[in-house]
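Encoded as structure tokens, the structure appears first; notes follow it.
The values are calculated or read from the model by the stated rules, or taken from the named source; none is laboratory data. What you are looking at is a predicted structure, and each value in this text was computed from that prediction instead of being measured. In this analysis, Cβ positions are derived from the backbone assuming ideal geometry, glycine residues included, and neighbour counts consider all displayed protein chains. SASA here: full protein model, heavy atoms, side chains in, ligands and nucleic acids out. Shrake-Rupley method; radii C 1.70, N 1.55, O 1.52, S 1.80 Å.
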Amino acid sequence: MLTPDEIAEINLLCQFNLGNTQEGLKIHSHDADPNTVAAAERLFARGLISQHDGGYLTSLGLDAAEHSQHLLTILRTPTS
């Protein structure tokens, strides 16, 4: 089972644009959901993003974001 923290982290990774690695995210702590802010801090601590409030994906973060987004694509594909 995924924890709520893991779900928040995956959701955040899925917001990165894989088509443009020079495009990052900025998490505004005064506007963003506290779970998203905390997820960004955890991803930064693990070395997946470049800043505690978003920034860019690191090479490890890019791998994680690709896997996360591919998984969602598979799960969202209608069955026949």
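General remarks:
- Rolling a 1.4 Å probe over the heavy atoms of the protein chains gives the chain an accessible area of 69 Å² per residue.
- About its Cα centre, the chain has a charge dipole of approximately 140 debye under the convention of +1 per Lys or Arg Cβ and -1 per Asp or Glu Cβ, with nothing else charged.
- The chain - mean residue ellipticity at 222 nm from DSSP helices (-39,500 (n - 2.57) per run, n ≥ 4, rounded to 500): -16000 deg cm²/dmol
- GNM flexibility winner over the chain from Thr21, Thr58, Thr36 (Cα, springs under 10 Å): Thr21
- Each of [x] 7.7; [y] 5.1; [z] 6.0 is a candidate for mean projected area of the Cα convex hull in nm²; the one calculated from this structure is [z].
- Share of carbon and sulfur in the accessible heavy-atom surface of the chain [1.4 Å probe, %]: 55 percent
- In sequence order, the stretch 41-53 has phi-based couplings of 5, 5, 5, 5, 4, 8, x, 8, 10, 7, 9, 5, 10 Hz under the Karplus curve 6.51 cos²θ - 1.76 cosθ + 1.60, θ = phi - 60°, and Gly or Pro positions carry x.
- Nearest 10 degrees, 0 to 90: helix 59-76 Cα axis against the chain principal axis: 40 degrees
- 5 angstrom amide H check on Gly54, placed H, neighbours 5+ away: Ile27
- A Gaussian network model of the chain, with springs between Cα atoms under 10 Å, assigns the largest mean-square fluctuation among Glu23, Glu66, Glu41 to Glu23.
- Taking every C-alpha pair closer than 8 Å and separated by at least 6 residues, the mean separation divided by the residue count of the chain gives a relative contact order of 30 percent.
- Candidates Gly55, Gly19, Gly47, ranked by Gaussian network fluctuation over the chain, Cα under 10 Å, top entry: Gly19
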